[in-house]
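FYI, it's all coordinate maths here, none of it is from the lab. In this text, all values refer to a predicted model and were calculated from it rather than measured experimentally. Neighbour counts are summed over all protein chains in view; Cβ atoms, including those assigned to glycine, are modelled from backbone coordinates with ideal geometry.
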């Protein structure tokens, strides 16, 4: 019968297996302050899907396990906020969903950018993080008000607003190549 190369998946074309590793994220979705309100989070998830984000950050005040589960379409990184009371239950939901829990402070690299994210209720930690110059992007929540500004050291500081107790309800996307942030109302 001869040596015939067979793809591992019957529907996969052999030439399609030429990836050199994981794909770097290009577009980041940033949400905060869902407070367990699934209807607003669901609307944001639908919009994030249409915007082709590659990775999502949740900047705290998650609220419920249902919120964690809604972000299943992406690798999602979470930090806890000041109203996340049942952290053990939320941690377990993140583990089951394959998400990452960073506790109260997160730092990662994505798309060649150094990113920190936190809830923002610890003003000392927030000020240290935004003024350190160690990060290209610092994302936070807590105030329920969208904001973006550049620090003197060149760090983009971004609050996506809130998906609950805000008017309008907002989230954000960030193009990691240009570091351009867009606040998006629901």
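Under 8 Å for C-alpha pairs, at least 6 residues apart: give me the relative contact order for the chain, rounded to a whole percent.
Numbers: 409 pairs, mean separation 40.3, N = 186.
It rounds to 22 percent for the chain.
Return 183, 62, 115 ranked ascending by Cβ neighbour count within 10 Å, so the fewest neighbours appear first.
Numbers: 183 17, 62 31, 115 24.
Going from sparsest to densest Cβ surroundings: 183, 115, 62.
Helix 87-97 versus the longest principal axis of the chain: what angle, 0 to 90°, nearest 10, using Cα atoms?
In the chain, helix 87-97 runs at an angle near 20 degrees to the longest axis.
For a quick check: sort 94, 47 by the number of other beta carbons within 10 angstrom, fewest at the front.
47, 94
Compute the helix-to-body angle for 38-50: its Cα long axis versus the longest principal axis of the chain, expressed 0 to 90° and rounded to tens.
That works out to roughly 50 degrees.
Using the 10 angstrom Cβ neighbour count as an exposure proxy, how do 58, 102 rank, fewest first? Show your work: numbers first, answer last.
On the way: 58 33, 102 19.
If I rank by nearby Cβ atoms, fewest first, I get 102, 58.
Let a ≥ b ≥ c be the square roots of the eigenvalues of the Cα gyration tensor of the stretch 25-185; is it rounded (a/c under 1.5), or, if not, prolate (a/b larger than b/c) or oblate?
Details: a/c = 1.40, a/b = 1.26, b/c = 1.11.
Taking the square roots of the gyration eigenvalues as a ≥ b ≥ c, the stretch 25-185 is rounded.
Using only Cα atoms, locate the centre of the stretch 33-69 and the centre of the stretch 112-186, then give the distance between them in Å, rounded to an integer.
Each part reduced to its Cα centre gives a spacing of 16 Å.
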